[in-house]
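Just below is one structure, and these are the notes that go with it.
The values are calculated or read from the model by the stated rules, or taken from the named source; none is laboratory data. Remember, it's a predicted structure, so these values are computed and weren't measured experimentally. For neighbour counting, all protein chains shown are included, and Cβ atoms are generated from backbone atoms with ideal geometry for every residue, glycine included. The protein model used for the area step is the full one, side chains on, heavy atoms only, and it has no ligands, DNA or RNA in it. Shrake-Rupley method; radii C 1.70, N 1.55, O 1.52, S 1.80 Å.
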Amino acid sequence: MNLLQACSPNVVTARRSTTIIDVARLMHDHHVGAVVVMDESVPPLPVGIVTDRDIVLRVVALAQEKIVTLAEQAMSAELVMVPGTTGIQEAVQTMRERGVRRLLVTGEEGVLKGIVSFDDLAAVLADQLGSMAQ
């Protein structure tokens, strides 16, 4: 099994100019912990990721009064992207080595195809171990 088979193709995205409040609303409405920030090229390519942790540590904890922050100001620009052909074990190893809980899954020329979280991979591995036990 590779990551294209394990990832969620329904990636919640925003533009660099999206406000953090709107990013948080996207997370709430879609029940996700991360929003991928896309550039405006055709096709759009990922340039950053804003996680629920980013909002807390980079915005809320440092807020003086009103929060007027854009996604571009709070996002992590160092993305960890892997091709969709990457295997599950290699993905887990990449997460461990890079200290991340989410990987962006790409197709040709870096086009975003999905996102996979540590929890997604743990579920896949648990299913595989269950099948082996039977």
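Values for this structure:
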item	result
In Hz, Karplus ³J(HN,Hα) per residue of segment 33-43 (6.51, -1.76, 1.60; θ = phi - 60°; x = Gly, Pro)	x, 8, 10, 8, 8, 10, 7, 10, 6, 10, x
Solvent-accessible area per residue, Å², over the chain with all protein chains present [probe radius 1.4 Å]	62
Amide proton proximity set for Arg16, modelled H, under 5 Å, gap of 5+	Met38
Of (i) 0.95; (ii) 0.97; (iii) 1.02, the label for Rg/Rh (Cα atoms, Kirkwood Rh) derived from the coordinates	(iii)
20 Å reach of a label modelled at Ile67, 7 Å along Cα-to-Cβ, counting backbone N of segment 42-56	48-56
Debye-sum result for segment 1-56 in log10 I(q)/I(0), which assumes one identical scatterer on each alpha carbon, at q = 0.16, 0.23 Å⁻¹	-0.51, -0.92
